[in-house]
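One structure below.
The values are calculated or read from the model by the stated rules, or taken from the named source; none is laboratory data. Keep in mind the model is a prediction, meaning the values are calculated, not measured. Cβ sites come from the backbone with ideal geometry, for glycine too, and all protein chains shown count toward neighbours. What goes into the accessible areas is simple: the full protein's heavy atoms, side chains included, and nothing from ligands, DNA or RNA. Shrake-Rupley method; radii C 1.70, N 1.55, O 1.52, S 1.80 Å.
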Amino acid sequence: MHTTPDIQKDFHQSVLDNMKDGVMALNFQGSITLFNPAAAAILGLDASLVRGHTFAEVFLAAEEDNDAFNQKVLDAVTRKKVGQRETVAFIRPDGREMTLSLSSSWLHREEEREATGVVVVFSDITELTVLQEQERENARKLARAYEEIEASNLRLTGLLKKVQMVRGLATAGIILFFVGLGYFHFQGFSNLSSPAKETPPPRALAEGSQGIHTVKTSPVSSSISLSGRLQPLEEIMLTAPFDGRILERHFAFGQVVEKGDLLLLLDVSETKMKLREAKSSYIKVLQNYEQLVTWEESTEMARARRSLQRAESSLENHIRQLEEATLLFDRGIIPAQELDRAKQQVETSRMDLISSREEMASTLKKASPENLSIAKMELDNARIRLDELESLISQAEVRAPVSGVVIQPVTEESKKQSLDQGARVQAGTALFALGDLSGLKVFSRVDEVEIGRLSLNQKVRARGDAFPGILLEGHLSHISAQATSGGGREAPGFDVQVTLPELSKEAASAIRVGMSADLEILVYDNPQALLVPLYLVRPAGSHAMVRVVKDDGSMEERKVTTGITTLGAVEILSGLEPGERLGGWTP
């Protein structure tokens, strides 16, 4: 007759056998303890070949690439993450690709509070996923059709507006034509006369005849002209993340690409093999670490304790037997040989006890703080190695980090590196550089005579014959502190860098890397300068003099401070005010 626990066990087993969802249970050593028929049917595996084996033997050693499924189960076993429902892909041994909905939870026994393992429940949602993807594709098609209709409506509206504008302009032109024709018809040419000449006021005539000049403000500036070639604002070097072959190439040198564009696709088969080896090593190291953490409850410690207890019990029995043998010998009941045998058994038991204690100490030492620390470091190293390989696989798609132009590296080794499909690259090899075209920079050289007029952040304007009508604005971003010799009789010069931080859409479409540009560095700018003709200023030693016309018509010689000089005028920094009148010097 079946007992109540047997009935409950049969009931639970029947529930598991008749579930449509796959159920798999694992302990924290990675062994599969439960695998119901639905799990076998969904994953295409034989349940008898799964139960009792480790997860690594069944799934990690399989030829199919089921990294996502394996990682979710491993995360649960290593106590990282449970309780979340996630969707993963799975490839059955027969090659059929499936989509699974997977969740995990802790496995507890009624008499224990601590979790003894993990339960993974999964179901086949392949058909549901296909239907959802078809629904999303239909939605995208409807959205594109709607956008096309809207674009057509906008084009028609624009054409209608153009037609109305042309009609309006034509009507206005016809009206203006007839109005002009009527005006000339009625007015004729009899009333037309030559315009009168403007007669200047008497004072103006007097000033002009006497060479009087009124001081006024006007802008003045000074600049240095240079030339150079346009370069990207910044060059970003891209290197191979790992050893492998090039599967796809989607660029040509000199091509302009957008941020996020796929440039190269690398083969990750070798790296995936290393990843599987790293996962297997990580599981082994994790099992060893967890065994040391719970070493007090391990089978080896239990065996050592039992051996020590047997040795202690044996020694106590042999000592008692020796006491009895001594009493019997003293009474002459047993011979001396029996007493000697009892003494020998006591000595043997003592030696066994010493050996058991040494074995107990040796077993305890395996879980010493030093060994536990070593196991923890090995676990950390295995985790880091696993994370590194997972990160490398995510870098198999080499994408543009910024928008710019693809540039070939200048190093000789990089020039020899082939980037054709099938070529092999090594980790760290420079593949190509990406020039940031959100702005530009220009390198040039300034003569030593002019270097003293330059300072950082001075405004710079750039023009070029290759992009006429486009003016680029920037600033002086670098001035070398060391002169470079041009060789021969050429005077020393200083390298400078000009940064053009932003480009308009027109400039970005017209300018190419390497084009020549003419630079104008604004070294001086005064929009309210007092400019006086050169002939009105006379040098007098270390200063300059001008003749100021007073209100009564008399002349006063005044000392002034001069600034920069143009072709026909000189800037007055102090000594004059706007509105004052100057007279010429007597020859």
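Tabulated data
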item	result
Alpha-carbon Debye profile of segment 435-587, log10 I(q)/I(0) at 0.20 Å⁻¹	-1.16
Kyte-Doolittle mean at least -1.0 and Cα axial length at least 24 Å: DSSP H helices in the chain	126-187, 269-293, 299-330, 336-365, 369-394
Across Lys141/Lys259; Lys284/Lys376; Lys72/Lys272; Lys216/Lys550; Lys72/Lys274; Lys259/Lys505, pairs whose alpha-carbon gap is larger than 21 Å	Lys141/Lys259
Charge dipole magnitude, Cβ of K and R +1, D and E -1 - segment 388-523, Cα centre, debye nearest 20	160
Karplus-derived 3J(HN,Hα), 6.51/-1.76/1.60, for each residue of segment 88-105, Hz, glycine and proline x	9, 8, 8, 10, 6, x, 7, x, 6, 8, 10, 10, 10, 9, 10, 9, 9, 7
Charge-dipole axis of segment 299-448 as Lys and Arg at +1 and Asp and Glu at -1 on Cβ define it, positive-most pick from Gly439, Ile407, Ser394	Ser394
Rg [Å, one decimal], Dmax [Å, integer] - segment 273-327, C-alpha atoms	22.1, 75
FRET efficiency, Thr33 to Glu296 (Cβ-Cβ, R0 25 Å, nearest 0.05)	0.60
Ellipsoid equivalent to segment 527-582 - semi-axes via the Cα gyration tensor, in Å	18, 13, 10
Gain on full stretching of the segment that runs from Arg229 to Glu270 - 0.36 nm per residue minus C-alpha separation	10.4 nm
Dipole of segment 279-319 [Lys/Arg +1, Asp/Glu -1 at C-beta], most positive-end residue of Val293, Leu308, Tyr282	Tyr282
Cα Rg over Rh - segment 5-130, Kirkwood	0.95
Rg over Rh, two decimals, segment 377-476 (C-alpha only, Kirkwood Rh)	1.18
For segment 340-389, convex hull of alpha carbons as volume per residue, Å³	53
Computed magnitude of the charge dipole of the chain (debye, nearest 20; Cβ of K, R +1, Cβ of D, E -1)	2220
Length added when fully stretched, Val179-Gln408, from 0.36 nm per residue minus Cα-Cα	75.7 nm
Mean accessible surface per residue for the chain, computed with a 1.4 Å probe while every protein chain stays in place, in Å²	64
Along principal axes, Cα extents of segment 302-360, largest first, whole Å	44, 13, 10
Accessible surface of Trp106 - all protein chains present, 1.4 Å probe, nearest 10 Å²	100
Fraction of accessible area attributable to carbon and sulfur, segment 527-582 (%, probe 1.4 Å)	53
The chain: proportion of alpha-carbon pairs further apart than 38 angstrom, %	70
Most to least accessible of Glu234, Glu571, Glu506 (protein chains only, probe 1.4 Å)	Glu506, Glu234, Glu571
Extension reserve of the Tyr524-Ala252 stretch, reckoned as 0.36 nm per residue once the Cα distance is removed	93.5 nm
Helix-derived mean residue ellipticity, 222 nm - over the chain, DSSP H n ≥ 4, -39500 (n - 2.57), to 500	-13500 deg cm²/dmol
Relative contact order computed over the chain (Cα-Cα under 8 Å; 6+ residues apart), in percent	16
His213 accessible area, assembled protein chains, probe 1.4 Å, Å²	50
Cα gyration tensor of segment 276-389 - equivalent ellipsoid semi-axes, whole Å, descending	52, 9, 9
Compactness of segment 219-264 as Cα Rg over 2.2 N^0.38 Å, two decimals	2.06
Convex hull volume of segment 226-346 per residue (C-alpha atoms, cubic angstrom)	250
Value of relative contact order over segment 5-130, rounded to a whole percent, pairs C-alpha under 8 Å and six or more apart	24
Cα extents of segment 55-108 along the three principal axes, largest first (Å)	34, 22, 16
Per-selection metrics, segment 120-182 (Cα): Rg and Dmax in Å	27.9, 97
